[in-house]
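Some notes on the structure that comes next.
We did not get these values from a lab; they are worked out from the coordinates using the rules stated. Bear in mind that the values here come from a model prediction, so they are computed numbers and not experimental data. Virtual Cβ from ideal backbone geometry, glycine too; neighbours counted across all protein chains shown.
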Amino acid sequence: MNAPQETGSSAETETGQDEVGLLQSFTVTDPVMLRALTHPMRQRIMWELGARGHARAADLADIIGEPANSLSFHLRVLAKAGLIEESPEHARDARDRVWRMTHPGGLNLPGEAAGGGAIAADPFAAERLDWLRGMLDESIPQEPNTTRAIYLGAAMLTRDESRRMAEEVIQVMERWRQHGIDRLSESQDDPDRVFHFTAAFVGNPRPTDAVPSAEPRASVDEPSDRQA
C-alpha cells in the first residue's frame, strides 16, 4: 500500500478523465475490507506496514503505542478481511509472527462508485483531509528529523502531458518508499529514519470552477424584478 489510497493503472472514467496510479494497486470493493479499514487503529497499522514493508506485532505495538493484546485483535481483523498476511520469510522462528500487506502495491479505494459518497466510501478520506488542512495552516507541529515541504502550483498541459506528469510523480514517490523499506531492513533501529506522510494531487478544474455558482441574490440596494 505505499499509501492506503492510490488509484489504479491509467484508466478512463465515464467522464472521459484519466485516473493515474500504480499498476500494482488493488481496488477494494469488498464490504468486509472496507469495514475493516474504518477503524483508526487499523488505518494506522496499514500506513505503518505500507511504509515499512513488514513488521512484527510486538514492534507495531511499540511504534503505535497500543497494548499488544489490542493490537493483535486489530491485526486479526485485517488478516480475516484479507488485507494483511503473515510474512514467514522474515520470522525468526515458528512462533514469530511478522505481518505484511496482502497487496503491497497499494489500495485503490473507490469514492462515489462504492456508494454513500467519496468520504463515506473511502475510510481514509477524512484523515487525509485533516492532515492536508493541518499541513497548510501549520496546526500540525513538525516532528524532529522530518522534512516538511508543500508545493502548490499550476501548469498549462494537455491531457496526455498531465497524465504523464502524474505517473512520473507517483513513480518518484514509490521509488523513495521502496528506498525507505530497503534501508530499514538493513538497520531497524536507525533513529534518523522516521515516518513521513506523502501525498500528490494532479487535477482539473480549479477549486472555484468545481463549485456550482449560486444564483445572484438581489441586495437591498438593487431593484427587484418582482412587482409590489
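Over segment 19-81, calculate the relative contact order: mean separation of alpha carbon pairs under 8 Å at least 6 apart, over the residue count, as a percent.
Reported as a whole number, the value is 37 percent.
Scanning residues 5 or more positions from THR27 or on other chains, those with amide H under 5 Å from its amide H are ASN108, with H placed 1.01 Å from N in the peptide plane. Taking label positions 7 Å along the Cα-Cβ direction at both HIS90 and HIS179, the computed distance is 2.0 nm, reported to one decimal. Label-to-label distance, ALA79 versus ALA58, with points set 7 angstrom from Cα along the beta-carbon direction: 1.6 nm. For THR146, neighbours were defined as the other residues whose beta-carbon sits under 12 Å from its Cβ, and their charges (Lys and Arg +1, Asp and Glu -1) total 0. The stretch between MET156 and ASP190 holds 8.0 nm of extra length on full extension. This uses 0.36 nm per residue minus the Cα-Cα distance.
Once you order the gyration tensor axes a ≥ b ≥ c over the Cα atoms, which shape class does segment 61-104 get: rounded for a/c under 1.5, otherwise prolate or oblate by comparing a/b with b/c? Oblate. A DSSP coil position with no more than 15 other Cβ atoms inside 10 Å describes the following GluC sites (Glu not before Pro) in segment 121-205: GLU138.
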